[in-house]
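Okay, structure first, notes after.
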Amino acid sequence: MSAIMSSPSERKPTLSLAGSLAAGVAFAILALMLAHRGTSGPIVMTLALAAWACAWFTNVIWSRAQGLPPMLTRLAAVAVPLLFGLTLVFLWEVICVGLKVPTVLLPAPSLILSRLFASLPVLGADFVQTFVRAALPGWLIGSAAGFLVALACDRSDFLRRGLIPIGNFISALPIIGIAPILVMWFGFDWHSKAAMVVVMTFFPMLVNAVAGLAAAGRLERDLMHSYGASWLQTLMKLRLPAAMPFLFNALKINASLALIGAIVAEFFGTPTLGMGFRISTEVGRMSLDMVWATIVIAAIAGSAFFGALVLLEKRVTFWHPSNRG
């Protein structure tokens, strides 16, 4: 009987969550309706603040609640950041509509979403040009080249002592200064953007791979040597698995750098395609809703790419303490 009926202490967090969430949704709907009908700003902002307070209270309860059902506990890991993000978007919408903020300064999320769906063919072509043709190949080439050079550095103290300081120096160079040079070298199409991504992703992989290859303990390496294992066998069976957390760390860093590098490079010469071209062109036309729509596509692509790497990392490095439990 006790397994079926929950105690009052177990029902309390669930009821508080439901109540605060329902109140927040009601305040939010009312605020949006009044804002779009042109109701005065103070009333709309008061309702918006009430909705925000309910959402804040919901997140606090969800983050601190004990004794929630297992399904709600798992849901909280996704719901808390999602609710926080939706609350920010809601406040953005209410402020823009309720206070009549000019669209050339800050368009409302509803306008951005409408422009995004209306311009999907254009944004899709920009995505292919920037992400598929420039960022992704540059990420692959830069990461692979950095790893291969790290293997060479592992075999040569001369290379390791010479390249690592150079890598730190080049990583500090501003990409705005490098991008025009690469455009002049490789042309105005996607090749120069991919080259920019290669430059940005090579050294993070090199530094992390060198550190990862040195992560295996001396005792374990001596044990492999006592078994008569060759350098390649030791690499594949011991050192490469131990380096996986470092390698995935570099891949995730490079995933963010790749998209940034490709977009920035498109500001310095490109065909009439690409996210960077779209942003620079639409800013000049004062079409800020299209600029934000392009930013949304870039954010979704970057987040999805990063998330896929995180899932792959959990599969490959399931043995690592950070992935246990």
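Laboratory data are not the source of any read-out in this text; all were calculated from the coordinates shown. From a predicted model like this one, the values you see are computed outputs, not experimental measurements. Counting neighbours? That spans all protein chains shown, and the Cβs are built from the backbone with ideal geometry, glycine included.
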Item to check | Relative contact order %, the range 116-323, counting alpha carbon pairs below 8 Å whose residues are six or more apart | outcome: 29
Item to check | Kirkwood estimate for the range 49-190, i.e. one over the average of 1/r between Cα atoms, Å | outcome: 20.9
Checklist entry - Roughly how many nanometres apart are two label points built 7 Å out from the Cα toward the Cβ at MET244 and VAL283? => result 4.2
Item to check | Virtual paramagnetic centre 7 Å along Cα→Cβ of ILE166, amide N under 19 Å, in the range 196-214 | outcome: 196-211
Checklist entry - What's the Cα-based Rg to Rh of the range 230-287, Rh via Kirkwood? => result 1.38
Checklist entry - What is the order of LEU232, LEU173, LEU140, fewest Cβ neighbours within 10 Å to most? => result LEU232, LEU173, LEU140
Next on the checklist: Place a point 7 Å from the Cα of ALA125 along the Cα-to-Cβ direction; which residues of the range 272-296 have their backbone N under 13 Å from it?
Outcome noted: 272-275, 278
Item to check | Fewest-first ranking of TRP185, TRP52, using other Cβ atoms within 10 Å as the exposure measure | outcome: TRP185, TRP52
Next on the checklist: Less than 15 Å apart at the alpha-carbon level, and either on another chain or at least 8 residues along: which aspartates and glutamates does that give for LYS237?
Outcome noted: GLU220, ASP222
Checklist entry - What is the packing order of peptides 87-96, 220-229, 126-135, taking the mean over residues of other C-beta atoms within 10 Å and listing the highest first? => result 126-135, 87-96, 220-229
Item to check | Compactness index (Cα Rg / 2.2 N^0.38 Å), the range 160-251 | outcome: 1.45
Next on the checklist: Below 8 Å between Cα atoms, with a sequence gap of 6+, how large is the relative contact order for the range 55-211 in percent?
Outcome noted: 25
Item to check | Inter-part distance where the range 224-268 and the range 126-188 are each reduced to a Cα centre, Å | outcome: 14
Checklist outcome for this item: In whole µm²/s, the translational diffusion coefficient that Stokes-Einstein assigns to the range 116-323, given a Kirkwood hydrodynamic radius over C-alpha pairs, 10 °C and 1.306 mPa s, equals 86
Checklist entry - Using a simple charge model, +1 on the beta-carbon of Lys and Arg, -1 on the beta-carbon of Asp and Glu, nothing else, what dipole does the range 214-325 show about its Cα centre, in debye to the nearest 20? => result 420
Checklist entry - Could you give the length gained on full extension between ALA304 and LEU151, defined as 0.36 nm per residue of separation minus the Cα-Cα distance, in nm? => result 52.1 nm
Checklist entry - Once fully extended, how much extra length lies between THR46 and TRP231, figured as 0.36 nm per residue of separation less the alpha-carbon to alpha-carbon distance? => result 59.8 nm
Next on the checklist: So if I place +1 on the C-beta of Lys and Arg and -1 on the C-beta of Asp and Glu, and nothing else carries charge, what would the dipole magnitude of the range 116-323 be about its Cα centre? I want it in debye, nearest 20.
Outcome noted: 480
Checklist entry - In which sequence would TRP319, TRP292 go, from the one with the fewest C-beta neighbours within 10 Å to the one with the most? => result TRP319, TRP292
